[in-house]
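Undergrad: A single structure is presented below for examination.
The values are calculated or read from the model by the stated rules, or taken from the named source; none is laboratory data. Quick caveat, the model's predicted, so the values are computed rather than measured. Neighbour counts run over all protein chains shown; Cβ positions are idealised from the backbone, glycine included.
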Amino acid sequence: MIGDGQVSVGSVAVKPNVRKVRRIGEGVVAGFAGSAADGLSLLERLEMKLEEHPGQLLRAAVELAKQWRQDKALRFLQAELLVADASTTLTISGNGDVLEPHDGVMAIGSGGNFALAAARALMDVPEMDAMTIGTKSMKIAADMCIYTNDNFTIESINLSLPGAAGGSGAGGPAAGTTHYP
């Protein structure tokens, strides 16, 4: 998962190095778009749901979406989440949506549609791995969207973790964090 670092207020970029992508729970990475405070609050709540439902990202996401939609205070939070573990990738919205991609690629935020289109175009290039596709796609989004910059944070997931599709179970913790540029 890759995210940019820009926070904008209106048409002004006020901070270029926010960490919008982070690790939550065991083997789960998450990113947010929208209000930074709202996104961080929702990530905290998702982490609590993961503690209630360990190893069940989909169930935790659905429970968060229900709470987000039904709670009068949470209803006004302006953010969107993208979460993934070794076997599931989801977008969670305040409308109660918990969406899984049909092709393995998802994006959120101002530059999300640019990055998504670029990633889908690059998926057919045989020599490109997920890290390269993600980085190139976000670079394109940063070049096209004034609300997206190229100060990237990348969190990767070790696919050999127990429970991962096709994994041996012999892997260590999920891979690490990379910052660009």
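Undergrad: Can you find even one residue in the range 154-167 that is under 27 Å from GLU47 (Cβ atoms), in contact with a strand residue (DSSP E or B) (Cβ under 8 Å, 6 or more places away or on another chain) and at pLDDT 95 or above?
TA: Yes, there is a match, as at least one residue in the range 154-167 is under 27 Å from GLU47 (Cβ atoms), in contact with a strand residue (DSSP E or B) (Cβ under 8 Å, 6 or more places away or on another chain) and at pLDDT 95 or above.
Undergrad: Just checking, does the range 35-44 include any residue being surrounded by 17 or more Cβ atoms within 10 Å (Cβ to Cβ) and either touching a helix residue (DSSP H, G or I) at 6+ places or on another chain (Cβ under 6 Å) or of a type in the set (Ser, Thr, Tyr) (or both)?
TA: So the first thing to find is which residues in the range 35-44 are surrounded by 17 or more Cβ atoms within 10 Å (Cβ to Cβ), and the list is 38-39, 42-43.
Still in the list and also either touching a helix residue (DSSP H, G or I) at 6+ places or on another chain (Cβ under 6 Å) or of a type in the set (Ser, Thr, Tyr) (or both): none.
Within the range 35-44 (the criterion being surrounded by 17 or more Cβ atoms within 10 Å (Cβ to Cβ) and either touching a helix residue (DSSP H, G or I) at 6+ places or on another chain (Cβ under 6 Å) or of a type in the set (Ser, Thr, Tyr) (or both)), the answer is no, since none of the residues qualifies.
Undergrad: Ok, one more. In the range 34-43, what residues are over 14 Å from GLU63 (Cβ atoms) and of a type outside the set (Gly, Ala, Ser)?
TA: Step one: filter the range 34-43 for residues over 14 Å from GLU63 (Cβ atoms), giving 34-41, 43.
Result: ASP38, LEU40, LEU43.
Undergrad: Right, something else. Which count do you get for residues in the range 1-33 that are under 28 Å from LEU58 (Cα atoms) and assigned to a strand (DSSP E or B)?
TA: Let us first name the residues in the range 1-33 that are under 28 Å from LEU58 (Cα atoms), namely 1-5, 18-33.
Filter once more, keeping what is assigned to a strand (DSSP E or B): 2-3, 21-24, 28-33.
Of the residues in the range 1-33, 12 are under 28 Å from LEU58 (Cα atoms) and assigned to a strand (DSSP E or B).
Undergrad: Could we say that GLU52 is farther than 24 Å from MET144 by Cα, among the acidic types (Asp, Glu) and modelled with pLDDT of 95 or more here? Steps first, answer last, please.
TA: Details: farther than 24 Å from MET144 by Cα: yes; among the acidic types (Asp, Glu): yes; modelled with pLDDT of 95 or more: yes.
Against the criterion (farther than 24 Å from MET144 by Cα, among the acidic types (Asp, Glu) and modelled with pLDDT of 95 or more), GLU52 qualifies.
Undergrad: Name the residue, out of ALA79, ALA60, ALA115, that is of a type in the set (Gly, Ala, Ser), modelled with pLDDT of 95 or more and within 13 Å of the chain's Cα centre (by Cα). Spell out the reasoning first.
TA: Working: ALA79 fails: modelled with pLDDT of 95 or more; ALA60 fails: within 13 Å of the chain's Cα centre (by Cα).
The conditions single out ALA115.
Undergrad: May I ask you to list the residues in the range 57-73 that are touching a Ser or Thr at 6+ places or on another chain (Cβ under 9 Å) and either without any contact (Cβ under 8 Å) to a residue 24 or more places away in the chain or under 19 Å from GLY109 (Cα atoms) (or both)?
TA: Selection gives ALA61, ALA65, TRP68.
Undergrad: Okay, next question. Only one of these is in contact with a helix residue (DSSP H, G or I) (Cβ under 6 Å, 6 or more places away or on another chain) and surrounded by fewer than 19 Cβ atoms within 10 Å (Cβ to Cβ): LEU58, LEU77. Name it.
TA: Numbers: LEU58 fails: in contact with a helix residue (DSSP H, G or I) (Cβ under 6 Å, 6 or more places away or on another chain).
Being in contact with a helix residue (DSSP H, G or I) (Cβ under 6 Å, 6 or more places away or on another chain) and surrounded by fewer than 19 Cβ atoms within 10 Å (Cβ to Cβ) holds for just one of LEU58, LEU77, which is LEU77.
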